[in-house]
1. Within 10 Å of each residue's Cβ, count the other Cβ atoms and sort Ser180, Ser314, Ser143 from fewest upward.
2. Considering the dipole of the chain built from charges on the beta carbon (Lys and Arg +1, Asp and Glu -1) around the Cα centre, which of Ala316, Gly326, Ala100 is farthest to its positive end?
3. When the Kirkwood radius is taken over all Cα pairs of the chain, what Stokes-Einstein diffusion coefficient follows at 4 °C and 1.567 mPa s, in µm²/s?
4. Relative to 2.2 N^0.38 Å, what does the C-alpha radius of gyration of region 9-157 come to as a ratio? Two decimals please.
5. Rounded to the nearest 5, what % of the DSSP beta bridges within the chain are antiparallel ones?
6. List the extent of the Cα atoms of region 110-246 along each of their three principal axes, largest first, rounded to whole Å.
7. Report the one residue of Leu86, Leu66, Val151 whose Cα lies farthest in the direction of the positive end of the charge dipole of the chain (charges on C-beta: Lys and Arg +1, Asp and Glu -1; origin at the Cα centre).
8. Per residue, how much space in cubic angstrom lies within the convex hull of the C-alpha atoms of region 122-185?
Amino acid sequence: MTVISVIAGDGIGREVVPEAIETLDALGLGLRYDVLDHVNAQSYLRTGAALSDSDLDRVRASDATLLGAVGDPRVTSPDYARGVLLRLRFELDLYVNHRAVTLLHDRLSPLRDEKRRGIDCVIVRENTEGLYAGIGGALRGSSELETALDVEVNTHAGVSRVIAYAFSIARTGVCLVDKSNAVPHGGRLWQRCWAEQCAQWPGIHATHQYVDTAAMRLVADPTAFDVIVANNSHGDILSDLAAQLGGGLGTAASANLNARTGFGLYEPVHGSAPDIAGTGSANPVGAVLSAALMIEHLGHPQEALAVRSAVARSIADRRCTPDLGGTLTTRQAGAAIRAALD
Ligand code: NAI
Ligand code: MG
């Protein structure tokens, strides 16, 4: 029996996750769910607890996690989001953030050049090191001398394993994106790990771009990319940019993976969107496609493909939410996807 731990979280996370689950249920895979309903900002404000040790044990006991979004304007401390998402990423050592972007329909592309619209790439973002490792400190004193440091962590093992993952999923090529010209110490380490991994994957076309150039080229011609591998912060930014080229933030799916244990936490790229939470206009596609990624990794590639095709059909028929040019609510858009399932 496959058990999915579910953390819908906050805001629109609570609206889109039920659509993903209903879509999974329509496939008849017999999944069971362990719903951690109390992991949200409301409980955090009341109890001060983000994700407890026993919550973590429940996640560990499951086969995969489906997450909505974590974040609430009433919570000003970064401890809450870090306590949930980053705790899961670090404690389960989910070192890969896999963000696949495919253009879901031609009308959604912001690009003028029709020949270059067809983005179909995966951004592999390092997920446990880099600038988000939380190492650093603030030195106060007089205000002119106040200094804040966030240390970028790069380890040979951490960098090598995420580059290896990028090669393992590549169809044609992997592009390393970094800023080794300006960030020399980490840059040199990435370059050395890159050279070592390139030698291991001779059949895959390997290229390198600086992150500023890569951002420009992604917009100029996204069809030129197959897999991009980047550090935590660069990957974070580039994947939101790529998401917009594929149909918008509401459509982007991701997996946080430990490629060695096979465990994954699947979540839409977007956040809790407090500006639209409760209006019924949240796009469920990012959550539904994250669920598709999850079942693909759990050994159901045909069903994953069926979900992706149903999403594409519903969008082509404009049976979708306003951000994709439709007029449906979250619930109706979810139902339209299920109706389009073969
Ligand atoms: P956001 O992704 O929540 O929203 C950005 C913009 O995109 C908003 O205008 C929102 O309405 C729109 N949007 C996002 N998802 C949408 C969807 N499914 N359908 C239609 N429109 C959508 O990012 P923002 O506003 O920067 O962050 C809001 C909260 O979410 C913050 O507390 C932030 O920390 C948290 N967050 C959590 C993430 C996670 O749980 N992985 C990721 C990003 C942000
Ligand atoms: Mg982000």
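No value in this document is a laboratory result; all are computed from the given coordinates. Everything quoted here is computed from the prediction, not taken from an experiment. As a convention, Cβ positions derive from the backbone with ideal geometry for all residues, glycine included, and neighbour counts pool all protein chains shown.
1. Neighbour counts put them in this order, fewest first: Ser143, Ser180, Ser314.
2. My answer, from the dipole projection, is Ala316.
3. Value of D from the Cα-based Kirkwood radius: 63 µm²/s.
4. Its radius of gyration relative to the 2.2 N^0.38 Å reference: 1.33.
5. Within the chain, antiparallel bridges account for around 45 percent of the total.
6. That gives 56, 38, 22 Å along the principal axes, largest extent first.
7. Leu66
8. 107 Å³
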